[in-house]
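No value in this document is a laboratory result; all are computed from the given coordinates. All values derive from a computational prediction rather than experimental measurement. Please note: Cβ atoms are built from the backbone with ideal geometry, for glycine as well, and neighbour counts cover all protein chains shown.
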Amino acid sequence: MPVRLMPSAINAINREQVQLWVAKPVDFNFSAVGESEGNWRYVIENDVYRLDPTKADSYGKTNFIDPSRTYPFDGNLETAGSEVETNSTSWVDADAGVDMSVVGRYMVLAKIGFRTSSGGSSGYVGLFVTTNFVEWVNVWIGSGTSLSGQIFYAMVKPRNIRAVKVMFRQYNSSYTTYCRTYELSLYKV
Amino acid sequence: MARMKVPVQRIPRDGEVLIVPQVDESITEFYVLNVEGEAEIEVPESAQIEMLRNELENLKRRVVEIERAVMQRATA
């Protein structure tokens, strides 16, 4: 299946470079991931790429953490539901997870809102991937102490996965971590 | 981005096992590149900037503490 890459600059794409990137998913440096005009936006070695979230293979799929929360897979980077919260110091499910049904290589992009109840105690949010729903491997973690809230953008490209979910925790059980997933997009590559 | 190898913890949870790299608390964001016994992680530049700023602030505080101690000894 072709990679859905849309370079914004005329000379942005280099076929050899893209093939290398596909062959060695972790062997590249990306300097920024974010959003622009409703699309995911990321930079790999000074080349800017944009991806339409409505073209993701996860678009419209069921959220297995909470099927009533459809916003992580609605193709809209601006929509989010109410925050979920925890004061658990162990990892617990947040508000988004998707089962792609087929094990394969996917590029995962996530936009997650995040805050904590205390500037002195860190909260953590992470992406976990699995092939069998038993072993979940942590592939990204963001942490912070923001009281007013911050947005995390993450981009990972695991070699073999079937499902992804967002989990979170708190450093100190006297305090609370809040989060909500705006969008979780998986592209088959 | 900075890469490093860190130990991995396997955490049983409700019939699942979470495989989580054990990373210093000062690292505010990282990606996991590989997990084979231990994990290879990569810290984004944005997180490195925050870590270095925190380190700089800690060093500044330490300098002030030492300066005060030296001054106190000098005037005693």
In whole angstrom, the spacing between the Cα centers of the stretch A:89-124 and the stretch B:11-54 equals 13
Per residue, the convex hull enclosing the Cα atoms of the protein assembly as shown spans a volume in Å³ of 162
Any lysines whose Cα falls less than 28 Å from that of A:Lys165, other than same-chain ones fewer than 8 residues away, would be A:Lys24, A:Lys55, A:Lys61, A:Lys111, A:Lys157, A:Lys188, B:Lys5
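What FRET efficiency, computed as 1/(1 + (r/R0)^6) with R0 = 30 Å and r the Cβ-Cβ distance, is obtained for A:Ser88 and A:Val134, rounded to the nearest 0.05?
Working: r = 21 Å, r/R0 = 0.69.
The pair A:Ser88/A:Val134 has a calculated efficiency of 0.90.
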Each label sits 7 Å from Cα toward the beta-carbon; between B:Gln48 and A:Ala32 the label points are separated, in nm, by 1.7
For chain B, the longest principal axis of the Cα atoms and the Cα long axis of helix B:45-75 enclose an angle in degrees, to the nearest 10, of 30
Placing each pseudo-label 7 Å from Cα in the direction of the beta carbon, B:Ala76 and B:Glu36 end up separated by a distance in nanometres of 5.6
Ranked on Cβ counts within 10 Å of their own Cβ, fewest leading, A:Thr131, B:Thr28, A:Thr177, A:Thr79 go A:Thr79, A:Thr131, B:Thr28, A:Thr177
With the stretch A:54-188 reduced to its Cα atoms and the Debye formula applied, log10 I(q)/I(0) at q = 0.09, 0.12, 0.16 1/Å amounts to -0.23, -0.41, -0.73
Here the equivalent ellipsoid of chain B, derived from its Cα gyration tensor, has semi-axes (largest first, whole Å) of 39, 15, 10
Env charge @ B:Glu50, Cβ radius under 12 Å, K,R +1 / D,E -1, value -3
Expressed as a whole-number percentage, the relative contact order of the stretch B:2-75 with C-alpha contacts under 8 angstrom and at least six residues apart is 27
In deg cm²/dmol, rounded to the nearest 500, the helical mean residue ellipticity at 222 nm of the protein assembly as shown, built from -39500 (n - 2.57) for every DSSP H run of length 4 or more, is -5000 deg cm²/dmol
For the protein assembly as shown, the dipole about the Cα centre with charges only on Cβ (Lys and Arg +1, Asp and Glu -1), to the nearest 20 debye, works out at 180
